[in-house]
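Engineer: This is the structure, below, for whatever I ask next.
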Number of protein chains: 2
Amino acid sequence: MLLLKELPTSQSLQKLSARYPTINIRAVVDFIVLLRASSDISQALDKLLAKHGLLQGRWWILILLLRQTDYSSSPTDLAEKAGVTKASITGFIDSLQAEGLVTRVEDPTDRRKYVIQLTALGLKKLDSIVPDYNHKISELMSTLSLTERDQMLSSLKTLVSHLERLG
Amino acid sequence: MLLLKELPTSQSLQKLSARYPTINIRAVVDFIVLLRASSDISQALDKLLAKHGLLQGRWWILILLLRQTDYSSSPTDLAEKAGVTKASITGFIDSLQAEGLVTRVEDPTDRRKYVIQLTALGLKKLDSIVPDYNHKISELMSTLSLTERDQMLSSLKTLVSHLERLG
DNA sequence: AGTTTATTGTTAGGTACCATAATATTTACT
DNA sequence: AGTAAATATTATGGTACCTAACAATAAACT
């Protein structure tokens with residue numbers, strides 16, 4: 001998603017303030033700095049996954065399967081847990097199946113259903129990524145103390161719980 | 001971007017820990033909570049903009065133009081400040097121009113160049129959005145004290161400055 | 001038992017947001 | 001004058017979504 005690299009300068013803020021006198025500059029700047037940082041972190045994760053030949057969509061589907069008993073789940077369940085439509089899940093499954101990382105297994109009790117399951121190859125792939133992923137995430141997060149992390153996450157949760165103020 | 005709605009449960013974490021004993025659970029959970037919050041905030045902004053008939057890409061281009069003297073800038077400059085390629089900018093400009101929000105003005109001194117400028121309609125559109133946007137962002141951010149915001153942003157900046165640890 | 005309703009997953013078609021590579025035009029350099 | 005560099009666009013393609021319509025099946029109702 002497009003997001004400005006260039007944060008507002010004091011000059012451009014003065015300009016904005018002149019045209020929109022009621023603006024709360026501090027709030028608007030804080031907000032964009034927050035968005036910018038979030039986006040940078042997400043993009044860094046993209047880059048890490050790309051090194052392992054994965055993209056975010058497929059990655060999170062694999063992680064969801066890893067969490068399940070038998071490493072398997074239904075498309076509907078995956079859709080709910082991933083927060084996308086079933087139609088979107090179909091695409092991800094197609095792509096993962098094409099690489100042999102998951103299979104569609106027919107449900108014996110209900111012929112409408114499929115069980116999506118990690119293959120041995122899929123699990124092997126995760127084994128080759130997750131330890132490295134864990135280590136790097138741990139390295140990154142350890143640049144903050146536990147207290148700082150608590151405070152940061154607590155603030156973020158406060159914001160999230162008030163997001164209806166934007167709508 | 002796909003991002004899990006479903007955060008890990010203690011059960012799934014135990015499972016993960018069994019398979020990957022070196023995992024730093026706290027770090028991995030903190031990281032996904034951070035991503036989840038960031039994504040929620042970004043999506044809430046999408047929703048706010050959608051109400052005004054805009055999407056993030058076009059919105060940020062308009063904001064960039066608003067910051068410039070004469071509300072105008074070159075495609076190359078916009079590309080740099082937005083952090084996308086010039087080819088991508090061409091698409092955004094096409095779309096904005098189709099709605100009459102910006103114009104392409106030929107540069108009199110260099111016939112390769114165009115100046116992208118907000119139209120009166122574009123400015124009117126911003127005038128109809130920005131005060132509302134400002135007010136809502138201000139409302140949202142005011143759920144945190146200035147100190148909390150400072151701490152949160154400072155922590156985020158620390159993380160961003162160490163992102164090379166992921167790569 | 002037969003009909004309607006609901007559920008499951010896929011397909012079809014479309015949009016937004018990006019990238020790379022190739023191209024045309026124009027300017028700058030030597 | 002000839003080559004190199006810069007500017008913007010087009011062409012092409014990929015990822016990540018969506019909605020709406022569909023086919024198959026199962027469940028509920030009468």
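Engineer: Would you check which residues across segment B:86-116 are open to solvent by less than 70 Å² (accessible area, probe 1.4 Å), closer than 24 Å to A:K5 by Cβ and assigned to a loop (DSSP other than H, G, I, E, B) and list them?
Structural biologist: Of everything in segment B:86-116, those that are open to solvent by less than 70 Å² (accessible area, probe 1.4 Å), closer than 24 Å to A:K5 by Cβ and assigned to a loop (DSSP other than H, G, I, E, B) turn out to be B:L101, B:D107.
Engineer: Of these, A:L78, A:L2, A:L64, A:L34, which one is of a type in the set (A, V, I, L, M), in a loop (DSSP other than H, G, I, E, B) and closer than 30 Å to B:V29 by Cβ?
Structural biologist: On the way: A:L78 fails: in a loop (DSSP other than H, G, I, E, B); A:L64 fails: in a loop (DSSP other than H, G, I, E, B); A:L34 fails: in a loop (DSSP other than H, G, I, E, B).
Just a single option satisfies the conditions, and that option is A:L2.
Engineer: Restricting attention to segment A:1-14, which residues are farther than 18 Å from B:G57 by Cβ and at the interface with chain B (Cβ under 7 Å from one of its Cβ atoms)?
Structural biologist: Residues satisfying the conditions are A:P8, A:S12.
Engineer: Which of (1) within 16 Å of DNA strand D (Cβ to nearest atom); (2) open to solvent by 50 Å² or more (accessible area, probe 1.4 Å) is the odd one out, the single condition B:L3 does not satisfy?
Structural biologist: Of the numbered conditions (1) within 16 Å of DNA strand D (Cβ to nearest atom); (2) open to solvent by 50 Å² or more (accessible area, probe 1.4 Å), the odd one out for B:L3 is (2).
Engineer: Here's another thing I want to ask about it. Could you count how many residues in segment B:13-51 are of a type in the set (G, A, S) and farther than 16 Å from A:S154 by Cα?
Structural biologist: Filtering segment B:13-51 for residues of a type in the set (G, A, S) gives B:17-18, B:27, B:37-39, B:42, B:44, B:50.
From what's left, farther than 16 Å from A:S154 by Cα: B:17-18, B:42, B:44, B:50.
So the count comes out to 5.
Engineer: All but one of (1) within 11 Å of chain B (Cβ to nearest Cβ); (2) over 18 Å from the mean Cα position of the chain (by Cα); (3) open to solvent by less than 40 Å² (accessible area, probe 1.4 Å) hold for A:D127; which doesn't?
Structural biologist: So A:D127 meets the others, but not (3).
Engineer: Going by the conditions given, is B:Y20 surrounded by 15 or more Cβ atoms within 10 Å (Cβ to Cβ), among the hydroxyl-bearing types (S, T, Y) and closer than 30 Å to A:D70 by Cα?
Structural biologist: Values: surrounded by 15 or more Cβ atoms within 10 Å (Cβ to Cβ): yes; among the hydroxyl-bearing types (S, T, Y): yes; closer than 30 Å to A:D70 by Cα: yes.
When the stated conditions are applied, B:Y20 passes them.
Engineer: Has segment A:137-154 got any residue that is over 28 Å from B:T143 (Cβ atoms), in a helix (DSSP H, G or I) and more than 8 Å from every other protein chain (Cβ to nearest Cβ)?
Structural biologist: The answer is no; no qualifying residue exists.
Engineer: Among the listed residues B:L66, B:L48, B:L156, identify the single one that is within 18 Å of the chain's Cα centre (by Cα), more than 12 Å from DNA strand C (Cβ to nearest atom), crowded, with 17+ Cβ neighbours inside 10 Å and free of Cβ contacts under 8 Å to residues at least 60 places away in the same chain.
Structural biologist: B:L156
Engineer: Let me ask something else. Could you tell me which residue of segment A:69-82 is farthest from DNA strand D (Cβ to nearest atom), considering only residues that are at the interface with another protein chain (Cβ under 8 Å from one of its Cβ atoms) and open to solvent by less than 40 Å² (accessible area, probe 1.4 Å)?
Structural biologist: Only one residue tops the list, namely A:K81.
Engineer: Which pairs have Cβ atoms under 8 Å, sit 6 or more apart or on different chains, and link a residue in segment B:100-113 that is farther than 19 Å from B:I61 by Cβ and more than 7 Å from DNA strand D (Cβ to nearest atom) to one that is acidic (D, E) and not in a loop (DSSP other than H, G, I, E, B)?
Structural biologist: none
The values are calculated or read from the model by the stated rules, or taken from the named source; none is laboratory data. Keep in mind that what you see is a predicted model, and the values were worked out from it rather than measured. A quick note on method: Cβ atoms are made from the backbone with ideal geometry, for glycine too, and the neighbour counts reach across all protein chains shown. Only protein heavy atoms, including side chains, enter the accessible area calculation; ligands, DNA and RNA are left aside. Shrake-Rupley method; radii C 1.70, N 1.55, O 1.52, S 1.80 Å.
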